[in-house]
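Working notes, beginning with the structure itself.
The values are calculated or read from the model by the stated rules, or taken from the named source; none is laboratory data. As the structure is a prediction and not an experimental result, all values here were calculated from the model. Here the Cβ positions follow ideal geometry from the backbone for every residue, glycine too, while neighbour counts run over all protein chains shown. Ligands, DNA and RNA are excluded from the accessible area calculation, which covers all protein heavy atoms including side chains. Shrake-Rupley method; radii C 1.70, N 1.55, O 1.52, S 1.80 Å.
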Amino acid sequence: MLWPQFDKALIEREIAEKRQWKLMIDGQMACVWATTFDDPQIWEERNNDPAVYIHRIATNPDFRGQYFVDELVVWAKIYALKNEKKFIRMDTVGENKGLIDYYQKSGFDFLGLAKLRQTEGLLAHYQNATVCLFEISL
């Protein structure tokens, strides 16, 4: 299995904006994710809430099964509070019951499914998508 591929310019922009994060283990990149404080196309009116949004969690196939989302939640709580945010939010495309259960066990509340209405400018996997919404209230 390969790491997912994303546009290099997108990743470089996120790195420059200090919104791309990585978990290193023994000198190897084990997990990566991106953050933003603004996500109106997915969260619509809830975007007005003070939140950090986590996107594109990807785990190195050599490190699968190590429950990095649990560690990411610990990090995200500190990061959110440091940035005066009251929520940690994520979304996933589609209704994957196993993933929903995993995120709930990691501390997220499952808020339900939402059909995206305005997807112009979002990555391809969001086009005509229904997403699962997750939140941790701090």
(message) Just to be sure before I move on: is THR35 of a type outside the set (D, E, K, R), in contact with a strand residue (DSSP E or B) (Cβ under 7 Å, 6 or more places away or on another chain), open to solvent by less than 70 Å² (accessible area, probe 1.4 Å) and free of Cβ contacts under 8 Å to residues at least 40 places away in the same chain in the structure I sent?
(response) no
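State yes or no: is LYS85 free of Cβ contacts under 8 Å to residues at least 24 places away in the same chain, more than 14 Å from the chain's Cα centre (by Cα), assigned to a loop (DSSP other than H, G, I, E, B) and more than 17 Å from VAL131 (Cβ to Cβ)?
Details: free of Cβ contacts under 8 Å to residues at least 24 places away in the same chain: no; more than 14 Å from the chain's Cα centre (by Cα): yes; assigned to a loop (DSSP other than H, G, I, E, B): yes; more than 17 Å from VAL131 (Cβ to Cβ): yes.
Answer is no for this residue.
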(request) Could you give me the residue pairs with C-beta distances under 7 Å whose first residue belongs to the range 127-138 and is within 18 Å of GLY107 (Cα to Cα) and of a type in the set (D, E, K, R), whose second residue is modelled with pLDDT of 95 or more and open to solvent by 10 Å² or more (accessible area, probe 1.4 Å) wherever it lies, and which are 6+ apart or on separate chains? (result) GLU135/PHE87; GLU135/ASP109; GLU135/LEU111
(request) Among residues belonging to the range 103-129 that are out of contact with any strand residue (DSSP E or B) (no Cβ under 8 Å at 6 or more places or on another chain) and at pLDDT 95 or above, point out the one that is least open to solvent (accessible area, probe 1.4 Å). (result) SER106
(message) Can you say whether ALA80 is under 15 Å from the mean Cα position of the chain (by Cα), of a type in the set (Gly, Ala, Ser) and either open to solvent by 20 Å² or more (accessible area, probe 1.4 Å) or modelled with pLDDT under 95 (or both), as far as the supplied structure shows?
(response) no
(message) All but one of (1) closer than 25 Å to PHE6 by Cα; (2) part of a loop (DSSP other than H, G, I, E, B) hold for GLY107; state the number of the condition that does not hold.
(response) (1)
